[in-house]
Amino acid sequence: MRHLIKFLSVFLLASCLLFSCKTQQSKPTPGSSASGPNLESGESPKPDLPVKELNSVKTPLVPVAYELPEIPREFRGVWIATVVNIDWPESGTDSYEKQKADFIRILDYYKSLNFNTVIVQVRTAGDAFYPSNLAPWSRYLTGKEGKAPSTTENPLTWMINAAHNRGLEFHAWLNPYRATFDLKTELLSPDHDYNKHRDWMLKYGTKYYYNPGLPEVKAHLTKIIEEIVVNYSVDAIHFDDYFYPYKIAGQTFPDQVSYQKFKKPNQSIDDWRRQNVNDLIASVHQTIQKHKPWVQFGISPFGVWRNQDKDPKGSPTRAGQTNYDDLYADPITWMREGWIDYLIPQIYWSMDYELASYRKLNDWWANNHYNTKIYIGNGPYKIRDNADKAWDNPQEINAQVSYTRTHPTIQGNAFFSAKSLLNKNQDVAQRLKNELYDQPTLTPEFAPLGTSIIETPSIAAVANQSEMTEITLEKPLDPAIRYALIQGADSKNNLPDAKIHTVWVGSYRARSLRVSNLQTEYLAIRWVDHFGRIVSSQVYQVP
């Protein structure tokens, strides 16, 4: 397997001033980082490090000509599902402090397994895990929909900072079209869209859905994304596989009136539905690019685009339902048009499952990526709990990840869901770490759509004391810098193998950085921008 550079715990401290980015494609408008609805103004990362004055003398550094090796990259994500409290919180009636402790337990566990991304569900069914003018508080967070949590802290801001403090990317996961999880509408807040916009709702099976064919629904869902992107330092917006609902035998999705009103001449209802989803995806992409073009947009669709019996370009599968024909979702179009940054097809089947083989679907997506980042979604929730006896083999997940790695156009994996490797199957998780995730790595980098001009950071001095090292910069960091990777060693040749300290600055114009003590002769810093690119690598000697 690939050689991966060691890096362990993460610390963060940054001075917080204005929020902006030198990106020619799009600059945030004045106030775009200001607090949004009910947000606390000027919130900034809250470090776990002790804060105390440094007494030692600041020492100027001498630049050294030494080329640092590249750090390997691989996406390693986990979904943290909040709907009906699948993964977190354990209960909406738990105290806020217990909820925080449980969330940290999840983060620390997956960090210890050398994961680098958490995909956290912040909208489950017309609700929100953050203060919003567009949706009520989720009952899965507070026990009652519309009830605010018992804290003055913004839960989403806190979750993002907790993830970043540990060097984990935070992808905000939303379910756009599901309006309710059941038919118990008496539990809904008066501020829920079911009560405010009943004409937007369609009942199908045991749930209500937003009508994807209504222009006002598309505009509303886009505003929900905009609210998050503008007000929070998320690394990505993430949709799952629920677009039009999975089909129910004997029932028809009741959108025929909207179809007759909005269809184009000679447009079939299937094509019209796919166009509705495409319109939303394109709108979300444009909105993200307008405000923060470095925020990724990723989707994790059902694992099969089309079966070959419906389309010769489809996969050699016999899935009962597919994206294109049943969910009216067309990931091929999204990738071809450049509307998304990454795709995580959910291939929750065993390696050689007869109807939909993990092996064959990896091959298919590897050949149909359209220059979009592809990661594979794996289903460890099936381990020792599925009719397919292949899942009784504790080596199944490792075999899947190993096979994914044979495809250069697939760059990682994500696992559903957090409790499947935390509350049970810890032996499988440890096997994954020992054999495949034995060393940490960085997430894949992205290329900005426009020209990005970033000022190279310059180090002025370093000061050591018993608990920490302070690195002083000559001027505040360019806000396009997201984090720094810092190493120290007594020989420059030992720098590549030294522990890496990750300091997340996330657009804040830091003037100094602090890490745990580095009383070493040599210091190396790699500066990473919003898009995950290492924009500068610097090595210094401490006189």
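The values are calculated or read from the model by the stated rules, or taken from the named source; none is laboratory data. The shown structure was predicted, so the numbers you read here are calculated from the model rather than taken from an experiment. Cβ: placed from backbone, ideal geometry, glycine included. Neighbour counts: every protein chain shown. Keep in mind that these areas ignore ligands, DNA and RNA; they rest on the heavy atoms of the full protein, side chains included. Shrake-Rupley method; radii C 1.70, N 1.55, O 1.52, S 1.80 Å.
Taking 7 Å along the Cα-to-C-beta vector as the label spot, tell me the residue 439-residue 90 distance in nanometres, rounded to one decimal.
Placing both labels 7 Å along Cα→Cβ, they lie 3.7 nm apart.
Distance between Cα centroids, segment 198-236 to segment 476-543: provide it in whole Å.
With segment 198-236 and segment 476-543 each reduced to a Cα centre, they are spaced 40 Å.
What are the extents of the Cα atoms of segment 103-196 along their three principal axes, in Å, largest first?
Result, largest extent first: 43, 28, 19 Å.
Hey, any idea what % of segment 310-415's accessible area is carbon plus sulfur with a 1.4 Å probe?
That share works out to 47 percent.
From the C-alpha gyration tensor of segment 211-261, pull out the three semi-axes of the equivalent ellipsoid (sqrt of 5λ each), sorted largest to smallest, in whole Å.
So the three semi-axes of segment 211-261 are 29, 16, 5 Å.
Could you bin all the Cα-Cα distances of segment 183-233 into 10 Å bins starting at 0 and give me the percent of pairs in each, rounded to whole numbers?
Per 10 Å bin, starting at zero, the Cα-Cα P(r) for segment 183-233 comes out as 22, 45, 28, 4 percent.
Using only Cα atoms, figure out Rg for segment 329-474 and give it as a multiple of 2.2 N^0.38 Å.
That ratio works out to 1.39.
Kindly express, to the nearest 10 degrees and within the range 0 to 90, the angle between helix 215-231's C-alpha long axis and the longest C-alpha principal axis of the chain.
10
What relative contact order, as a whole-number percentage, does segment 335-487 give when Cα pairs under 8 Å and 6 or more residues apart are counted?
18
Just to check I understand the Karplus step: with θ = phi - 60° and J = 6.51 cos²θ - 1.76 cosθ + 1.60, what whole-Hz values come out for segment 412-424, glycine and proline as x?
x, 9, 9, 10, 10, 10, 4, 6, 5, 10, 9, 7, 8
Output the 0 to 90 degree angle, nearest 10, between the alpha-carbon long axis of helix 426-435 and the longest principal axis computed from the alpha carbons of the chain.
60
Taking just the alpha-carbon atoms of segment 402-446, what radius of gyration and Dmax come out, in angstrom?
12.1, 35
Please list 298-307, 315-324 highest first by mean number of surrounding beta-carbon atoms within 10 Å per residue.
Per-residue mean Cβ counts within 10 Å order the peptides as 298-307, 315-324.
Counting only C-alpha contacts under 8 Å and six or more residues apart, can you give the relative contact order of the chain as a whole percent?
22
Ordered by packing density, taken as the mean number of other Cβ atoms within 10 Å over each peptide's residues, highest first, how do 241-249, 93-101 rank?
Highest mean packing first, the order is 241-249, 93-101.
How long, wide and thick is segment 98-254, going by the Cα atoms along their three principal axes, in whole angstroms, largest first?
That works out to 47, 31, 27 Å along the principal axes.
If R₀ is 60 angstrom, what is the calculated FRET efficiency for the pair residue 256 and residue 426, using the beta carbon separation as r and rounding to 0.05?
Rounded to the nearest 0.05, the efficiency is 0.75.
Can you list the HN-Hα couplings for segment 178-190, worked out from phi with the Karplus curve (6.51, -1.76, 1.60; θ = phi - 60°), rounded to whole Hz and with x for Gly and Pro?
Here the 3J(HN,Hα) series is 6, 8, 9, 8, 7, 9, 7, 5, 5, 8, 7, 5, x Hz.
Can you list, largest first and rounded to whole Å, the semi-axes you get for segment 350-429 by taking the square root of 5 times each eigenvalue of its Cα gyration tensor?
Calculated on Cα positions only, the semi-axes equal 23, 14, 10 Å.
Give me the distance in nm between label points sitting 7 Å out from Cα along the Cα-to-Cβ direction at residue 511 and residue 279, one decimal.
Roughly 5.1 nm, to one decimal.
Relative contact order for segment 266-422: what percent, with Cα pairs under 8 Å and sequence separation of 6 or more?
20
May I ask for the net charge around residue 422, where only other residues with Cβ less than 11 Å from the Cβ of residue 422 are counted and Lys, Arg are +1 while Asp, Glu are -1?
0
What ranking, highest mean first, results for peptides 134-146, 195-207, 174-186 when packing means the other Cβ atoms within 10 Å averaged over each residue?
134-146, 174-186, 195-207
Please compute the alpha carbon radius of gyration of the chain, then divide it by the globular-protein estimate 2.2 N^0.38 Å. Two decimals is fine.
Ratio of Cα Rg to 2.2 N^0.38 Å: 0.99.
Net charge around residue 320, counting only other residues with Cβ within less than 15 Å of its Cβ (Lys, Arg = +1; Asp, Glu = -1)?
-2
Identify, among 368, 332, 395, the residue whose Cα sits farthest towards the positive end of the charge dipole of segment 313-436, taking +1 on the Cβ of Lys and Arg and -1 on the Cβ of Asp and Glu, with the dipole about the Cα centre.
The residue sitting most towards the positive pole is 395.
Would you tally the net charge around residue 345, using a Cβ to Cβ cut-off of less than 14 Å, leaving residue 345 out, and scoring K and R as +1, D and E as -1?
0
To the nearest 20 debye, what is the magnitude of the charge dipole of the chain about its Cα centre, counting +1 on the Cβ of each Lys and Arg and -1 on the Cβ of each Asp and Glu?
420
Which ³J(HN,Hα) values, rounded to whole Hz and listed in residue order, are derived for segment 501-510 from phi using the Karplus coefficients 6.51, -1.76 and 1.60 in 6.51 cos²θ - 1.76 cosθ + 1.60 with θ = phi - 60°, glycine and proline given as x?
Residue by residue, segment 501-510 yields 9, 9, 10, 8, 10, x, 6, 7, 7, 5 Hz.
Using a Förster distance of 51 angstrom, determine the FRET efficiency expected from the C-beta separation of residue 290 and residue 389, and round it to 0.05.
E(calc), rounded to 0.05, equals 0.55.
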